[in-house]
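Okay, so here's the structure we're looking at.
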Amino acid sequence: MENVKTSLVVRLIAKPGKESALAEFLSGALPLAEAEAFTPVWFALRASANTFYIVDAFANAEDRAKHLAGEIAAALMANADVLLAEAPSITEADVMAVKLP
């Protein structure tokens, strides 16, 4: 995985009562992430009852931009008013090191 150089860390806060729906949405997004050849690393994480993260990594900024303009982001934004208590917090980060199987 030495080819991943840049990443996104996206924090999502579920609306009260929408925690399970957001968890299901994120779990259901896995096939979309798997279909993106330019997204070799993708995680959907739950940090607390209402706090979730998407963490993904890319070879370059162009691939990251393609992901941000892709189906997962579009689906998330289409459902944001229903699922999210606030706008997603999106942080771009450089990958310093990675260990994956």
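Just so it is clear, none of the values below were taken in a lab; they were calculated from the coordinates. Remember, predicted model here, so these are calculated numbers, not experimental data. Neighbour counts run over all protein chains shown; Cβ positions are idealised from the backbone, glycine included.
Observations
- All of A80, A74, A65 fail the test of being under 14 Å from the mean Cα position of the chain (by Cα), in a helix (DSSP H, G or I), under 11 Å from T6 (Cα atoms) and free of Cβ contacts under 8 Å to residues at least 40 places away in the same chain, apart from A65.
- Enumeration of residues in the stretch 22-32 that are surrounded by 14 or more Cβ atoms within 10 Å (Cβ to Cβ) and over 23 Å from E86 (Cα atoms): L32
One line per residue, one yes/no per condition, for (1) closer than 11 Å to V9 by Cβ; (2) surrounded by 14 or more Cβ atoms within 10 Å (Cβ to Cβ); (3) of a type in the set (F, W, Y):
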position: R46; (1), (2), (3): no, yes, no
position: A57; (1), (2), (3): yes, yes, no
position: D63; (1), (2), (3): no, yes, no
position: A74; (1), (2), (3): no, no, no
position: A80; (1), (2), (3): no, yes, no
position: L84; (1), (2), (3): no, yes, no
position: D94; (1), (2), (3): no, no, no
position: A97; (1), (2), (3): no, no, no
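- Selection status of D94, free of Cβ contacts under 8 Å to residues at least 60 places away in the same chain and farther than 16 Å from A23 by Cα: no
Rundown of residues vs (1) among the aliphatic types (A, V, I, L, M); (2) part of a loop (DSSP other than H, G, I, E, B); (3) out of contact with any strand residue (DSSP E or B) (no Cβ under 7 Å at 6 or more places or on another chain), yes/no style:
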| residue | (1), (2), (3) |
| --- | --- |
| L12 | yes, no, no |
| E24 | no, no, yes |
| S27 | no, no, no |
| P31 | no, no, yes |
| E34 | no, no, yes |
| T39 | no, yes, no |
| W42 | no, no, no |
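- Residues (in contact with a strand residue (DSSP E or B) (Cβ under 7 Å, 6 or more places away or on another chain), over 18 Å from L22 (Cα atoms) and not aromatic (F, W, Y)) located in the stretch 57-91: A57, N60, A61, R64, H67, T91
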